[in-house]
Amino acid sequence: MMTIREATESDLDDVLRVERAAFGSEEEPELVRNLLVDPSAKPLLSLLAVEEGRAVGHVLFTNASLAET
């Protein structure tokens, strides 16, 4: 059975492992790490999907702004 819960600071290694597995590079995990610790990004919600005690999914919602060019 899969559960989805809010990720905590202690889940960071699992979150980054999921990101690496999903994208196959270090770019996305590094971006996620930076967003989670950057107060200007203001992470709104970080959810971790866990199945049989193992992290299997992650989603992160942050504020974003767009500038006209």
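The values are calculated or read from the model by the stated rules, or taken from the named source; none is laboratory data. On a predicted model such as this, the values are computed, not experimentally measured, just so you know. So basically every Cβ, Gly included, is an ideal-geometry build from the backbone, and we count neighbours across all protein chains shown.
The table for this structure:
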read-out	value
Hey, VAL50 surrounded by 15 or more Cβ atoms within 10 Å (Cβ to Cβ) and more than 10 Å from the chain's Cα centre (by Cα) or not	yes
Positions within the stretch 1-16 being in contact (Cβ under 8 Å) with a residue 12 or more places away in the chain and either more than 16 Å from GLU51 (Cα to Cα) or surrounded by 15 or more Cβ atoms within 10 Å (Cβ to Cβ) (or both), in sequence order	ALA7, ASP11, LEU12, ASP14, VAL15, LEU16
Sole exception among (1) at pLDDT below 95; (2) surrounded by 12 or more Cβ atoms within 10 Å (Cβ to Cβ) for SER65, by number	(2)
Pick from the stretch 53-62, criterion in contact (Cβ under 8 Å) with a residue 24 or more places away in the chain and of a type in the set (A, V, I, L, M), ranking: surrounded by the fewest Cβ atoms within 10 Å (Cβ to Cβ)	VAL56
Any strands (runs of 3 or more DSSP E) falling wholly within the chain and containing at least 2 residues that are of a type in the set (Gly, Ala, Ser)	43-51, 54-62
Inter-residue pairs, beta-carbon under 8 Å, first without any contact (Cβ under 8 Å) to a residue 24 or more places away in the chain and in the stretch 17-43, second part of a loop (DSSP other than H, G, I, E, B), 6+ apart	ARG20/GLU26; ASN34/ALA41; ALA41/ASN63; LYS42/ASN63
